[in-house]
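Remarks on the structure that follows.
Taken together, the values in this text are just the output of simple stated rules run on the coordinates, not laboratory data. A quick note: this is a predicted structure, and the numbers were derived from the prediction, not measured. So basically every Cβ, Gly included, is an ideal-geometry build from the backbone, and we count neighbours across all protein chains shown.
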Amino acid sequence: MSDVPAPMSASLRGTAFLGLGAMGAPMARRVAAAMPLSVWNRTRDKAEALADVARVASTPRDAARGTGVVVTCVADARALEVILAGPEGLLAGLEPDAVVVDMSTIGRAAAREAQREIEAVGGHFVDAPVSGSVGPAERGELLALVGGAEPDVERATAVLHTMCNRILRAGAVGQGQALKVVLNGVGAHHFVAFASMLALGERAGLSREVLVDAFTSGAFATPSYVSKRPRVLARDYGNAEFTLALALKDGALNLALQEEVGLALPVAREIMREMAQAVGEGLAQEDLYAMEKYFARR
Ligand SMILES: NC(=O)c1ccc[n+]([C@@H]2O[C@H](COP(=O)([O-])OP(=O)(O)OC[C@H]3O[C@@H](n4cnc5c(N)ncnc54)[C@H](OP(=O)(O)O)[C@@H]3O)[C@@H](O)[C@H]2O)c1
């Protein structure tokens, strides 16, 4: 009999979750309810808040130790780069053959760069950005937009299912990000339409209640309009589920994709310009729909 333990399959080894922000924290809590989990966050307090259900790791390297699937959900491409690199980074601790599943919105180019770095140390990469917000994250009702090789996606599926009730396969690595960036472009048109037309309607003497009723029950009502209804009626844009700063980051990813594929979309570009101006006027950390304040100031 050999003393050497048989290698465990990736799905049987533990899981790690790095990046416990507005989205990451509820997502990690759902993973922890289903399997052993290590968590790490740059600001340690947010990881300690999960100590009742997960092992709190001291570094990304420590979090990755002994795990077959590592999930990341951080703000942007720069943040992912930071947690991958360095002596205490994720790449330094990645187990051979482990799968890194990035659920941040970072764009296609950054996903492909992460794939190169992870494969260079013997790992695998899947991009799985999500559609949905904090509520769906708490309920396990996110939509995952997934890019990656079939066997890698298969190994990530059990973990993804703890957080997502739908998984859309978009193609090879990076195509999940391409789909997310395109989808967020639709979202930007939506919320800017709501915010600007609310401002116009109020300026025309219509009441906020009547306008919001029309927007959330008429022919153009969408689930996102309906879910924002209480916030808009209360003008409550603090404690954002999704900040305007993150939306602007996604807008820049959309413009980058337009340039990469050689398709210029001036309306989308103008929406991004308006968002950048609103951020410049102090709305960065407020909810997306705070754009109405920006339009109403004119
Ligand atoms: N919020 C939504 O409704 C929503 C929906 C779909 C997709 N997303 C996407 O999901 C991702 C996370 O969003 P979120 O709303 O959870 O954002 P968030 O609340 O701002 O959290 C950002 C996370 O990234 C970490 N981070 C930022 N810069 C870092 C760095 N340089 N090094 C290490 N960690 C860093 C933060 O750590 P600290 O805690 O230390 O700051 C935090 O854990 C984003 O890509 C976003 O676009 C969000």
Please go through the residue pairs Lys46/Lys180; Lys180/Lys249; Lys228/Lys293; Lys46/Lys293 and name each one whose alpha carbons sit more than 24 Å apart in this structure. Lys46/Lys180; Lys46/Lys293
Peptides ranked, highest mean first, by Cβ atoms within 10 Å: ranges 229-241, 113-125: 113-125, 229-241
To the nearest 0.05, the calculated FRET efficiency linking Val121 and Ala204 through their beta-carbon distance, R0 being 51 Å, is 0.30
Treat every Asp and Glu Cβ in the chain as -1 and every Lys and Arg Cβ as +1, leave all other atoms uncharged, and give the resulting dipole magnitude about the Cα centre to the nearest 20 debye. 580 debye
Given unit charges at Cβ for Lys, Arg (+) and Asp, Glu (-), the dipole magnitude of the range 178-296 about its Cα centre in debye, nearest 20, is 120 debye
At R0 = 25 Å, FRET efficiency that the Cβ-Cβ distance of Ser217 and Glu138 yields, to 0.05: 0.45
Taking the range 191-220, which chymotrypsin sites (Phe, Trp or Tyr not before Pro) meet the DSSP loop condition and have no more than 15 other C-beta atoms within 10 Å? Phe220
Would you mind calculating the gained length between Ala172 and Arg297 on full extension (0.36 nm times residue separation, minus the Cα-Cα distance), in nm to one decimal? 40.6 nm
If you place +1 on the Cβ of every Lys and Arg, -1 on the Cβ of every Asp and Glu, and leave all else neutral, what size is the dipole of the range 14-172 about its Cα centre, to the nearest 20 Debye? 280 debye
Ordered by fewest other Cβ atoms within 10 Å, a rough proxy for footprinting exposure, Ser227, Ser58, Ser133, Ser38 read Ser58, Ser227, Ser133, Ser38
Which cross-chain or sequence-distant (5 or more) residues have an amide H under 5 Å from the amide H of Ala16, H modelled 1.01 Å from N in plane? Ser38, Val69, Val70, Val71
Which of the peptides 273-282, 85-94 is most tightly packed, and how do the rest follow, going by the mean number of other Cβ atoms within 10 Å of each residue? 85-94, 273-282
For the pair Ala33 and Ser227, the simple spin-label estimate (label points 7 Å beyond Cα toward Cβ) gives in nm 1.7 nm
